[in-house]
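A.B. asks: I have a structure here, written as structure tokens, and I will follow up with some questions on it.
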């Protein structure tokens, strides 16, 4: 009988511990779908930042159809026989632009001091 009572107490403790754990997980947002959604949101924000950084929003006068058409053209180009060459060219050009931006930013920080 004592063993049964001890087992019931242990079961109640485990249930309470599990409920506390579920509450903590709900508060911290560690659910898998939330983490995936946050990662996707971050990726979309970064990609949107690249569109702005490249000056495409201003050049296209915020015309979404034009931007989408340009992206479709890029996708077609990457799928074509010349895709590997285009990809290598764009990667080189992008890296140079990032490097130049980093140098320019570092130089402006020196003058701010």
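The values are calculated or read from the model by the stated rules, or taken from the named source; none is laboratory data. In this text, all values refer to a predicted model and were calculated from it rather than measured experimentally.
A.B. asks: Just the residues that are within 26 Å of the chain's Cα centre (by Cα) and at pLDDT 80 or above, please, taken from region 9-31. Give the steps one after another, and end with the answer.
C.D. replies: Within region 9-31, the first condition is being within 26 Å of the chain's Cα centre (by Cα), and the residues that meet it are 24-31.
Answer for region 9-31, where residues must be within 26 Å of the chain's Cα centre (by Cα) and at pLDDT 80 or above: just 24.
A.B. asks: Same structure again: Within region 63-76, identify whether any single residue is at pLDDT below 95 and on the phi > 0 side of the Ramachandran plot, and answer yes or no.
C.D. replies: no
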